[in-house]
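What follows is a short report on a single structure.
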Amino acid sequence: MTVPELEPGAQLLLDRAAAALPGRPAWIGLAPGRINIIGEHTDYIGGLSLPTGVNRWAVVRIRPRTDGRVWIRALDLDEEITVELAQVPVLPGGWARTMVGAVQVCREAFGLPSDGFDAVVTGDVPRGGGMSSSAALCVAWVNALAAWRGRTLDTLEAARLAQRVEHVWSGVPCGLLDQVASQGSVAGALLRVDFRESSVQT
């Protein structure tokens, strides 16, 4: 999501992530939750939708390491995992499965450095509140990993990668509405998404 000035809630989350994982270089993924004015389920059947992002955010901060491992800490849950980047495991359900799923999806899509990384994740999108917290988290992840790879993802590319994380790793057969809204929203505007022709306009 593009914002003319970083709103205070987002900055607080970024500061929290930086305090938990200080140092440079570091790469950030920031994605909002969303609301939808009209057009629910049109991503399944092909139609128009008018979503927009909200001022609730998911934040991912990653920092490289050199031993081929991936360490991820979920600050809001006070939980962490460590896995080998060369052999990302299929974990039981829950937040960790989604996180390593994002790593695997991005590695398959555009490759990742083999050195590994540390990461922290935090956010204030209400879980189960209808604002698509899971989509925001997946979108933040794919953007952080793309930044580490030196790539910038367009709206549909990021949305499809985040959707794949949810389909394959979270077991959620979602459409693209939530991910498109989280990636493509612009402050103070609605998105006009036409799922018949895969077009997004502000």
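The values are calculated or read from the model by the stated rules, or taken from the named source; none is laboratory data. Everything quoted here is computed from the prediction, not taken from an experiment. FYI the Cβ positions are ideal-geometry reconstructions off the backbone, even for glycines, and counts take in every protein chain you see. What goes into the accessible areas is simple: the full protein's heavy atoms, side chains included, and nothing from ligands, DNA or RNA. Shrake-Rupley method; radii C 1.70, N 1.55, O 1.52, S 1.80 Å.
Side notes on the structure shown:
- Accessible area per residue (1.4 Å probe, heavy atoms of protein chains only) ranks Asp43, Asp67 as Asp67, Asp43, with the largest value leading.
- Residue order by solvent-accessible surface for Arg69, Arg61 is Arg69, Arg61, largest first, with ligands and nucleic acids left out and a 1.4 Å probe.
- Take Glu7: with every protein chain present and a 1.4 Å probe, its accessible area is about 40 Å².
- Cα-based equivalent ellipsoid of region 72-202: semi-axis lengths in Å, sorted from largest, via gyration tensor: 25, 17, 14
- Most simply put, the chain has about 80% antiparallel DSSP beta bridges, counting only bridges with both residues inside it.
- Per residue, the solvent-accessible area of region 1-77 (1.4 Å probe, heavy atoms of protein chains only, all protein chains present) comes to 51 Å².
- Averaging Cα coordinates gives a centre for region 145-163 and one for region 97-125; these two points are 11 Å apart.
- For region 42-119: rounded, prolate or oblate by the Cα gyration tensor [a/c cutoff 1.5]: prolate
- What the phi angles of region 56-70 give under the Karplus curve with 6.51, -1.76 and 1.60, with θ = phi - 60°, is a coupling list of 10, 9, 10, 10, 10, 10, 10, 9, x, 9, 10, 10, x, 9, 10 Hz, glycine and proline written as x.
- With K and R counted +1 and D and E -1, the other residues having a Cβ less than 12 Å from that of Gly101 yield a net charge of +1.
- Each helix, a run of at least 4 DSSP H residues, gives -39500 (n - 2.57); summed and divided by the residues of the chain, these come to -10500 deg cm²/dmol at 222 nm.
- Relative contact order %, region 106-184, counting alpha carbon pairs below 8 Å whose residues are six or more apart: 30 percent
- Only Cα pairs under 8 Å and 6+ residues apart enter the sum, and on that basis the relative contact order of the chain stands at 30 percent.
- One way to sum up the overall shape of region 8-147 is the equivalent ellipsoid from its Cα gyration tensor, whose semi-axes run 27, 18, 13 Å, largest first.
- Candidate residues Asp124, Asp194: accessible-area rank, largest first, probe 1.4 Å: Asp124, Asp194
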